[in-house]
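Student: What follows is a single structure, and I will ask about it in a moment.
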Amino acid sequence: MAHEDARRRMVETQLRARGLHDPKLLQAFLDVPRHAFVPSDRQVDAYADRPIPIGAGQTISQPYIVALMLQQLHLLGHERVLEIGTGSGYQTALLAHLALEVYSVERLPALAETAEQRLEQLGLLNVHLTVADGSLGWGEHAPYDGIIVGASVPRIPPSLLAQLGDRGRLVLPVGAAQEQTLTVAERQGSSIRTTPAAGCSFVPLIGEEGWPV
Ligand code: SAH
């Protein structure tokens, strides 16, 4: 009950009050138990207005940033979506509520394993996980209606653009190591339109088309 109250407060004060109004998006944040995706010693912070360390030097993003990125995907519910950087699995769970099928790639096996257990416990059956270098996407299931990247890149990975379907939207932080611009790339046929959405700061996407190890 305490978690449910905290979750409702999070949606009102961190999301709705900051201009996010899409009812489906807000409902997903009410439905997914964020505390189930943070380490047990961080439970008290689960609904706080900030990112939280999840181990292996990685973080689960601030709820508002997750919401802002998800909003940019313009999901209606019938989409097949690719997520790069499963991390805790929190955003994966939200995507499972907002899209038809979710494909998620994580580089670190330990994080992928924990995320898989959590998503299974929640009974989310439309999620498919793999351990790989997500800077190269997941070609097997392409094209995707949406691609969302939870780690920063110096420039948009060509592989991700290649796996984006017509009218598909790619949302990712592009820029320097410390500060980036949340960027939306939209495909229309063979042309790509890129729009900046907000300033942000993400951990690096380490891989062939991301940052070097
Ligand atoms: N959105 C996640 C947090 C992502 S943190 C959540 O809700 O918890 C960024 C994640 O990207 C980390 O788990 C990191 O290991 C992963 N990552 C970094 N480089 C990667 C790559 N090349 N391919 C896939 N995942 C990568």
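Student: What ranking, highest mean first, results for peptides 155-166, 14-25, 73-84 when packing means the other Cβ atoms within 10 Å averaged over each residue?
Tutor: 73-84, 155-166, 14-25
Student: Based on DSSP, what percent of beta bridges with both residues in the chain are antiparallel, to the nearest 5?
Tutor: 50
Student: Connecting C-alpha atoms closer than 10 Å in a GNM of the chain, tell me which of Arg34, Arg169, Arg50 has the biggest fluctuation.
Tutor: Of the options given, Arg50 has the highest mean-square fluctuation.
Student: Right, next: On the full set of protein chains, 1.4 Å probe, figure out the accessible area of Thr59 and give it in Å² to the nearest 10.
Tutor: Number for this one is 70 Å².
Student: Shifting gears a bit: Based solely on its DSSP helices, what 222 nm [θ] is calculated for the chain when runs of n ≥ 4 H residues each add -39,500 (n - 2.57) and the sum is averaged over all residues, nearest 500 deg cm²/dmol?
Tutor: Counting only the DSSP helices, I get -7500 deg cm²/dmol.
Student: With contacts defined as alpha carbon pairs under 8 Å and 6 or more residues apart, what's the relative contact order of the range 134-213 in percent? Intermediate values should be presented prior to the final figure.
Tutor: Details: 186 pairs, mean separation 25.1, N = 80.
The value is 31 percent.
Student: Can I ask one more? Contact order normalised by length for the range 60-200, with contacts defined as Cα pairs under 8 Å and 6 or more residues apart; what percent is it?
Tutor: Computed value for the range 60-200: 20 percent relative contact order.
The values are calculated or read from the model by the stated rules, or taken from the named source; none is laboratory data. Since the model is a prediction, treat every value here as computed from it, not as a measurement. Here Cβ is always computed from backbone atoms with ideal geometry, including for glycine, and neighbour counts include all displayed protein chains. What goes into the accessible areas is simple: the full protein's heavy atoms, side chains included, and nothing from ligands, DNA or RNA. Shrake-Rupley method; radii C 1.70, N 1.55, O 1.52, S 1.80 Å.
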